[in-house]
1. Among the residues of the stretch 24-36, how many are modelled with pLDDT under 95 and either among the aromatic types (F, W, Y) or buried (at least 19 other Cβ atoms within 10 Å of the Cβ) (or both)?
2. Is at least one residue of the stretch 292-306 touching a Ser or Thr at 6+ places or on another chain (Cβ under 8 Å), more than 30 Å from I155 (Cα to Cα) and of a type outside the set (D, E)?
3. Kindly indicate whether N83 is out of contact with any Leu (no Cβ under 6 Å at 6 or more places or on another chain), open to solvent by 10 Å² or more (accessible area, probe 1.4 Å) and within 30 Å of F213 (Cβ to Cβ).
4. Tell me, which strands (runs of 3 or more DSSP E) lie completely within the stretch 189-237 with 3 or more residues that are modelled with pLDDT of 85 or more and in contact with a His (Cβ under 9 Å, 6 or more places away or on another chain)?
5. Is it fair to say G291 is open to solvent by less than 20 Å² (accessible area, probe 1.4 Å), within 22 Å of H331 (Cα to Cα) and small (G, A, S)?
6. How many of the residues making up the stretch 12-34 are part of a loop (DSSP other than H, G, I, E, B) and either farther than 21 Å from N85 by Cβ or β-branched (V, I, T) (or both)?
7. Going by the conditions given, is S160 out of contact with any helix residue (DSSP H, G or I) (no Cβ under 8 Å at 6 or more places or on another chain), of a type in the set (S, T, Y) and closer than 30 Å to K363 by Cβ?
8. Quick one: which residue in R300, R258, R245, R254 is within 17 Å of F324 (Cα to Cα), open to solvent by 70 Å² or more (accessible area, probe 1.4 Å) and either modelled with pLDDT of 90 or more or out of contact with any Phe, Trp or Tyr (no Cβ under 7 Å at 6 or more places or on another chain) (or both)?
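The values are calculated or read from the model by the stated rules, or taken from the named source; none is laboratory data. This structure is a prediction, so every number in the text was calculated from the model and none was measured. Virtual Cβ from ideal backbone geometry, glycine too; neighbours counted across all protein chains shown. Keep in mind that these areas ignore ligands, DNA and RNA; they rest on the heavy atoms of the full protein, side chains included. Shrake-Rupley method; radii C 1.70, N 1.55, O 1.52, S 1.80 Å.
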Amino acid sequence: MVELNQYYTSEATSFLLASMLDVSNVQSCLELSAGEGALIEPIKKRNQSVHFTTVDLDKKNTNKLKKRYPEDIHICNDALDLNLNLESESFDLAVCNPPFSYTTLTNEHRKILGEKFNPAFKKAKKIRTEVLFIIRNLFFLKKGTTLAIIIPDFIFTSCSLSNFRRVLFEHYTLSRVVECEYKSFKKTEAKTFILFIEKNKPKNRNTPIPYSFLSEGKIKNKEISLKSTISTIDLAERDEFLIFRGSRSSKECRLTGRQFHHNYAHLLDLSDIFYDEVSEKLQSFKYASAGDIMIHRVGRNVGKTVFLKKGTVIVSDCIIVIRFIDLKLRHKFIKQWSFNKEKWILNNYKGTCAKNISISNIKSFISLLK
């Protein structure tokens, strides 16, 4: 139900999530923001004895679940209500596809954040709902058990939530990450991840984390470091490439009186361009240098790509810059990007009137080349 910012889980993603869980000894499972119960059936097929407790704000959804799963408990209420009458540390497993949205940070929400997480949102007036659902689920789980939660890429990759992730993964163990292909969820264009979080402290913060990328029904596996989930650039990537976007609007760039690169319509796609050398760079502006690849991030020409052959130039916030250290990877990227770019953009852009692509999307594209 879009009015409640709820995006229902596709059948394929539901079964993928369930297949990655050990439910052999699970007796009780919590599903906050249950929706139509897409995550229930795949788990019950693997273990019929799992007893669900679901919570959803939509009465229609709750009534459907009562008819379909009468042996389970179904509560029509706000999952963030402090008076849910559910005991803390009482569930063997939690699965969740929370609302993707911002909400006003109330005193009740501050109580959910508690001593651990309140400092990360000290000056905040709003908060992502997904953050609250992560903490709320962990509150109800028994020690040593697992939360499998579906989140948009913003929660896992944004710089603004890096401090939240730092605190989260200091106290709880991130055991697995799954990056889902575009449009894995109905009625949303957001790129999504599934995080598997265990309710215990990490034993070794240097232990690699299994990372799976789901695309076109196929899964590619690799490993990432815990540190890379807190910062926005994986340390391993720094040895291979650097990716960033401009920090200032085209208007701010123009007011400098200097040459700058923007999403110009007249440029030919996949063409070489040239700028003059810059003797002194301006602070708070970002620059592209010779050898960099510049991609139009937003607008009608989203995805248009040019290669800076000479010079140094300010880039606007409508431009993504890729600077490859690994020249073999650069060659692979140019070859695959040139061939697959149009189809990839159709599958990965966000927005309707103003189409845009994200750095995290492009990083995922590059990761598949390794």
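1. 3
2. For the stretch 292-306, residues touching a Ser or Thr at 6+ places or on another chain (Cβ under 8 Å), more than 30 Å from I155 (Cα to Cα) and of a type outside the set (D, E): present.
3. No; evaluated as a whole, the condition is false for this residue.
4. Output list is empty.
5. No: the conditions fail for G291.
6. Number of matching residues: 7.
7. Taking the combined requirement at face value, the residue satisfies it.
8. R245
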